[in-house]
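Here's the structure we're looking at; comments come further down.
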Amino acid sequence: MDSSLVARRFLAIVIAAWICAPAAAQTWPARPVRIVAPFPPGGGTDTVGRLLAQKLAGQTGGSFVVENRPGAAGVLGAEFVARSAPDGHTLLISAPEMSINPSMRSKVPYDALKDFAFISQLTAGQFMLACHPSVPARTVKQLIALAKSRPGQLNYSSSGTGGINHLAGELLQSMAGFRWVHVPFKGAGPAIVAAISGEVDFVFAATTGLVGHAKAGKVRPLAVTGRKRFGELPGVPTMAEGGVPGYEVAGWYGFYAPAGTPADIVRRLHAEAKRGLNSPDVKEKLVKTGNEPVVSTPGEFAAFVRAEIAKWAKVVKQANLRID
């Protein structure tokens, strides 16, 4: 074939793509959009997803439906989105497990960095470490001293093996130089109940799940895991303030599309998500659930997830954790 003809055809393809690209965002959404939440209904991912879906529907005039596809700590739902058509009509809202699974699981059927188009981080939150009132520790420093005096005897509960609450305990153990036992439960609710009843000594759970029990004296809060204190319990220090400098575990939700989604649709999704998160009613509802709205650019969000993957890979390796 004539090289000049090949060049003209290539140029025609490039020009056509350039002309059509803006049209993609103008015609989107062309049909109902599903936002996949890879965890069961009623959890934080589901709650934030439904708030976002409601706002996106009102702002775009389209239909947005949250579809729960739980399983394997978010892997099943993320895989479904990664394999979906990259046209902006199948999206993903996920949690920190998105950055944990690559190192925690021997087989993850997608690449967390390459198989998704990053839209934005949506929220930031934190967790709380609390204990049964009978435990003789009122501060993190006292916990560390107690754990060192009783190696392997103290325990803590979490919402499940490989979740962010589990690794929060592994990170504390690694940074503070002591050893305790992880007791996994099927969900945050049972993990909290175990701490209230005294079945376990300590629990890591979301601030919103523990704040009521802490105020009622059913558990004793020792620290929160974020950079700043929790407004509902301002007297509870951060883990760094409590004696573990550099310790930070953030709860967060993020918004993704399949890799290959047209850049103009990603930009539109980012703009609409930003608009929705900045609305006063959404801010108020998120704050009540212990979440702070966060809007990052796609590049900033991708860099954040990359850093989280590296952080948790180190913790998983040090703790010799693996789910096959």
Checklist entry - Which cross-chain or sequence-distant (5 or more) residues have an amide H under 5 Å from the amide H of ALA223, H modelled 1.01 Å from N in plane? => result LEU129
Checklist entry - Whole-Hz Karplus ³J(HN,Hα) for the stretch 124-130, in order, using 6.51 cos²θ - 1.76 cosθ + 1.60 and θ = phi - 60°, x for Gly and Pro? => result 9, x, 8, 10, 10, 9, 9
Checklist entry - Considering only DSSP beta bridges with both partners in the chain, what is the antiparallel share in %, to the nearest 5? => result 60
Item to check | Alpha-carbon spread of the stretch 126-224, three principal axes, descending order, Å | outcome: 30, 28, 23
Item to check | Contour excess over end-to-end distance, with Cα ends at ALA30 and ARG227 and 0.36 nm allotted per residue | outcome: 66.8 nm
Checklist entry - Can you work out ³J(HN,Hα) from phi for every residue in the stretch 65-70, in order, using Karplus 6.51 cos²θ - 1.76 cosθ + 1.60 and θ = phi - 60°, giving whole Hz and x for Gly and Pro? => result 10, 7, 10, 7, 10, x
Item to check | ARG105 long-range amide H proximity, modeled H, under 5 Å | outcome: ILE323
Checklist outcome for this item: Nearest-0.05 FRET efficiency for ARG322 and LEU113 at R0 = 22 Å, using Cβ-Cβ distance, is 0.60
Checklist outcome for this item: In nm², the average projected area of the convex hull spanned by the Cα atoms of the stretch 24-129 is 7.4
Checklist entry - Helix 140-149 sits at what angle to the longest principal axis of the chain, using alpha carbons and giving 0 to 90 degrees rounded to 10? => result 70
Item to check | Table column - 3J(HN,Hα) (Hz), the stretch 165-174, Karplus curve with 6.51, -1.76, 1.60, x for Gly and Pro | outcome: 5, 4, 6, 4, x, 5, 5, 4, 4, 5
Checklist entry - For the chain, what is the charge dipole size about the Cα centre, in debye to the nearest 20, if Lys and Arg each add +1 at the Cβ and Asp and Glu each add -1 at the Cβ? => result 420
Next on the checklist: I'd like the antiparallel share, as a percent to the nearest 5, of DSSP beta bridges with both residues in the stretch 126-224.
Outcome noted: 60
Checklist entry - How big is the charge dipole of the stretch 70-167 about its Cα centre, in debye rounded to the nearest 20, if each Lys and Arg gets +1 on its Cβ and each Asp and Glu gets -1 on its Cβ? => result 620
Checklist outcome for this item: Along the dipole axis of the stretch 141-285 (charges at Cβ: +1 for Lys and Arg, -1 for Asp and Glu; origin at the Cα centre), the most positive-end residue among PRO190, PHE202, ALA223 is ALA223
Next on the checklist: Using a 10 Å cut-off around each Cβ, can you sort PHE116, PHE64 from fewest to most neighbouring Cβ atoms?
Outcome noted: PHE64, PHE116
Next on the checklist: Strictly over 27 Å apart at the Cα level, which of LYS186/LYS218; LYS141/LYS314; LYS107/LYS317; LYS114/LYS288; LYS55/LYS218; LYS107/LYS148 would you flag in this model?
Outcome noted: LYS114/LYS288; LYS55/LYS218; LYS107/LYS148
Next on the checklist: Give me, ordered by chain and number, the residues 5 or more places off VAL183 or on other chains with an amide H under 5 Å from its own placed amide H.
Outcome noted: TYR156, SER157, SER158
Checklist outcome for this item: Between the modelled labels at THR139 and ARG267 (7 Å from Cα along Cα→Cβ) the distance in nm is 5.3
Item to check | Normalised alpha carbon radius of gyration of the chain [divisor 2.2 N^0.38 Å] | outcome: 1.11
Checklist outcome for this item: For the chain, the charge dipole (Cβ of Lys, Arg +1; Cβ of Asp, Glu -1; about the Cα centre) points to a positive end, and the Cα of ALA72, THR161, SER296 closest to that extreme belongs to THR161
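Read-outs throughout are calculated quantities, based only on the coordinates presented, and are distinct from any laboratory measurement. Owing to the predicted nature of the structure, the values given are computational and were not obtained by experimental measurement. For neighbour counting, all protein chains shown are included, and Cβ atoms are generated from backbone atoms with ideal geometry for every residue, glycine included.
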